[in-house]
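Student: One structure is given below, represented as C-alpha cells, and several questions about it will come after.
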Amino acid sequence: MDNTGKLNISFKDLYGNSAVGNVKVTVRLGDQVIATTALEARKVVAITSLLPNDYTVDISPEDYENISTLVKIKSNTVKILPVTMAFKTDKLSSITFPAYNQLATSLQTVLNAPNTDVKMFVKGVETKLSGLSGQALYDRLENIPKAGLLNLYTKMENTIINGRSVFSYVKSLTEIHGDRIFVNVDKNLYPIVQGAEQAGMFEKVSEALHTPPEGFDRSDSFKSFDKHGNLQLSFFNKNMQEFIVDADIDEARGIAHIFEVIRNMGSRETDPLDIHQILLAEQHLDTGYRLVV
C-alpha cells in the first residue's frame with residue numbers, strides 16, 4: 001500500500017498577486033536532495049511520492065528573496081503550502097507612489113507647513129529643499145526618502161496614544177532620510193509619550209546614537225514593543241519649550257523572520273523598502289506605494 005504524501009506549493013507576492021518570473025524548488029531531507037524542479041512562479045509546484053517525514057523546502061526565485069521553510073508530510077495526504085514572496089529590493093523595475101492629491105490630509109498639512117527648509121538625504125548626501133512645500137516638496141523627493149516618509153507617516157499615524165495619533169502632533173518636517181525623519185512637534189507630545197512608556201506602550205532606550213540638532217539637547221528615546229517594525233521616537237529639546245523628534249522604524253531582522261528569507265543581514269542600513277514589506281505583512285499597515293518587479 002502506497003503511504004506517500006504530496007506537496008503542492010503556490011506563490012504570490014506581498015500584494016496577493018501571482019508571482020512572476022521563474023522559481024527553483026528543492027526538497028531536502030537533511031543533506032539529501034529528495035526532489036528538485038524549476039518552473040514559472042505563477043504555476044503550482046506539485047511534488048509527489050514523499051515518504052512521511054519533516055522536509056526542508058528551499059525556494060530560489062529570480063525576482064524575489066530566497067526562502068527556506070520546514071514542512072511535515074503525512075501519508076496519503078496533500079500538503080498545501082502557499083508562499084508569500086518578499087521582493088528583492090535591488091531587482092525592482094520601479095516603485096509607484098501615490099500622487100500628492102491622493103495623500104491623507106494630515107500628511108498634506110505637514111508638507112504644506114510654511115517657513116521650513118527641509119533637507120533630503122540620499123546615501124548620506126544632503127540636498128537642501130529650501131523654499132519648497134506642499135506638492136512641490138513631495139514631488140521633489142527621490143524614491144528612497146519618499147518611501148521613508150510614507151513609512152514613518154503610516155506608522156506614526158497608526159500609533160495611537162489616548163485616542164490621538166502620534167503624527168497628529170507633528171508640525172513640520174526638517175529632515176527626510178530613507179530610514180528616518182526629523183520633525184518639529186508639539187511640546188505636549190513629550191510628556192504624552194512619557195506617560196505611554198509608564199503605561200507599558202513604549203520602553204525607554206538609549207539615545208546615545210542619536211545626534212541632537214544644533215541648539216537642541218537630548219531628552220529621552222522611546223521604542224514601541226512591536227515584534228518587527230517597531231517605532232522609535234528620540235526627543236531633543238530647546239529649553240523644554242521646543243521639541244524635535246528623530247523618528248525611525250527598526251527592521252529587527254523582520255524580513256528574515258516574517259518571510260523565512262535566507263539573507264545575510266550583517267550591519268547593513270535599514271532599507272525603507274523592506275520596512276514597507278514588514279509593515280504590510282506583519283502589521284497590515286499599507287504605506288500607499290507599490291514595489292514592481
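The values are calculated or read from the model by the stated rules, or taken from the named source; none is laboratory data. Values in this document were obtained by computation on a predicted structure and should not be read as measured data. Don't worry about glycine lacking a Cβ; one is built from the backbone with ideal geometry, like all the others, and counts go over all protein chains shown.
Student: Give me the residue from region 58-75 that is touching a Leu at 6+ places or on another chain (Cβ under 9 Å), over 29 Å from T270 (Cβ atoms) and not hydroxyl-bearing (S, T, Y) and, out of that set, surrounded by the fewest Cβ atoms within 10 Å (Cβ to Cβ).
Tutor: Checking each candidate, the answer is V71.
Table: residues versus (1) among the aliphatic types (A, V, I, L, M); (2) free of Cβ contacts under 8 Å to residues at least 24 places away in the same chain; (3) on the phi < 0 side of the Ramachandran plot; (4) in contact with a Ser or Thr (Cβ under 6 Å, 6 or more places away or on another chain).
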position	(1), (2), (3), (4)
T37	no, yes, yes, no
R42	no, no, yes, yes
T48	no, no, yes, no
V57	yes, no, yes, yes
P61	no, no, yes, no
Y64	no, no, yes, no
K72	no, yes, yes, no
V78	yes, no, yes, no
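Yes or no, residue by residue, for (1) in contact with a Cys (Cβ under 9 Å, 6 or more places away or on another chain); (2) over 30 Å from T96 (Cα atoms); (3) surrounded by 17 or more Cβ atoms within 10 Å (Cβ to Cβ):
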{"site": "S172", "(1), (2), (3)": "no, no, yes"}
{"site": "D186", "(1), (2), (3)": "no, yes, no"}
{"site": "L189", "(1), (2), (3)": "no, yes, yes"}
{"site": "Q198", "(1), (2), (3)": "no, yes, no"}
{"site": "K204", "(1), (2), (3)": "no, yes, no"}
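Student: A further question on this structure: Note down all Cβ pairs under 6 Å where the first residue falls in region 276-291 and is touching a residue at least 60 places away in the same chain (Cβ under 8 Å) and closer than 15 Å to L92 by Cβ, the second is of a type in the set (G, A, S) and buried (at least 17 other Cβ atoms within 10 Å of the Cβ), and they're at least six residues apart or on different chains.
Tutor: The qualifying pairs are Q277/A86.
Student: Out of region 78-87, which residues are modelled with pLDDT under 95 and either within 18 Å of L29 (Cα to Cα) or not in a strand (DSSP E or B) (or both)?
Tutor: Within region 78-87, A86 is the sole residue that qualifies.
Residues are listed down the side, and each one gets a yes or a no for (1) more than 23 Å from the chain's Cα centre (by Cα); (2) in contact (Cβ under 8 Å) with a residue 24 or more places away in the chain; (3) in a strand (DSSP E or B):
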{"position": "Y138", "(1), (2), (3)": "no, yes, no"}
{"position": "I144", "(1), (2), (3)": "no, yes, no"}
{"position": "A147", "(1), (2), (3)": "no, yes, no"}
{"position": "L150", "(1), (2), (3)": "no, yes, no"}
{"position": "M156", "(1), (2), (3)": "no, yes, no"}
{"position": "P191", "(1), (2), (3)": "yes, no, no"}
{"position": "A196", "(1), (2), (3)": "yes, yes, no"}
{"position": "E214", "(1), (2), (3)": "yes, no, no"}
{"position": "R218", "(1), (2), (3)": "yes, no, yes"}
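Student: Among R253, R290, which is within 13 Å of the chain's Cα centre (by Cα), within 21 Å of V83 (Cβ to Cβ) and at pLDDT 95 or above?
Tutor: Numbers: R253 fails: at pLDDT 95 or above.
None of the other options fit; the residue is R290.
Student: I'd like the residue in region 158-170 that is β-branched (V, I, T) and surrounded by 15 or more Cβ atoms within 10 Å (Cβ to Cβ) and, out of all such residues, is nearest to S224 (Cα to Cα).
Tutor: Of region 158-170, the ones β-branched (V, I, T) are 159-161, 166, 170.
Checking which are surrounded by 15 or more Cβ atoms within 10 Å (Cβ to Cβ) leaves us with 159, 161, 166, 170.
Details: T159: 9, I161: 12, V166: 12, V170: 18 Å.
Per the criteria, the residue is T159.
Student: Next question, about the same structure. Please report, ordered by residue number, the strands (runs of 3 or more DSSP E) entirely within region 1-52 with at least 3 residues that are over 16 Å from L81 (Cβ atoms) and touching a strand residue (DSSP E or B) at 6+ places or on another chain (Cβ under 9 Å). Can you show your working first?
Tutor: Working: elements: 5-13, 22-29, 32-40, 45-50.
Fully inside region 1-52 and qualifying: 32-40.
Student: Pick from region 198-212 the residues that are among the polar types (S, T, N, Q) and either part of a loop (DSSP other than H, G, I, E, B) or in contact (Cβ under 8 Å) with a residue 12 or more places away in the chain (or both): which of them is nearest to G163 (Cα to Cα)?
Tutor: Here the residue is S206.
Student: Quick one: in region 88-109, of everything that is surrounded by 14 or more Cβ atoms within 10 Å (Cβ to Cβ), at pLDDT 95 or above and not hydrophobic (A, V, I, L, M, F, W, C), which residue is farthest from N151 (Cα to Cα)?
Tutor: So the residue we want is T109.
Student: Do you know which residues across region 89-114 are free of Cβ contacts under 8 Å to residues at least 40 places away in the same chain, part of a loop (DSSP other than H, G, I, E, B) and not acidic (D, E)? Outline the logic, then answer.
Tutor: Taking region 89-114 as the starting set, the residues that turn out to be free of Cβ contacts under 8 Å to residues at least 40 places away in the same chain are 90, 99-101, 105, 108-109, 112, 114.
When the remaining residues are screened for being part of a loop (DSSP other than H, G, I, E, B), the result is 90, 99, 112, 114.
A99, N112, P114, listed by residue number.
Here's the yes/no breakdown for (1) under 22 Å from S94 (Cα atoms); (2) surrounded by fewer than 19 Cβ atoms within 10 Å (Cβ to Cβ); (3) among the β-branched types (V, I, T):
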residue: G134; (1), (2), (3): no, yes, no
residue: N151; (1), (2), (3): yes, no, no
residue: P212; (1), (2), (3): no, yes, no
residue: L231; (1), (2), (3): no, no, no
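Student: Out of V20, V45, V78, report the one residue that is among the β-branched types (V, I, T) and exposed (fewer than 14 other Cβ atoms within 10 Å of the Cβ).
Tutor: Details: V20 fails: exposed (fewer than 14 other Cβ atoms within 10 Å of the Cβ); V45 fails: exposed (fewer than 14 other Cβ atoms within 10 Å of the Cβ).
Going through V20, V45, V78 in turn, just one is among the β-branched types (V, I, T) and exposed (fewer than 14 other Cβ atoms within 10 Å of the Cβ): V78.
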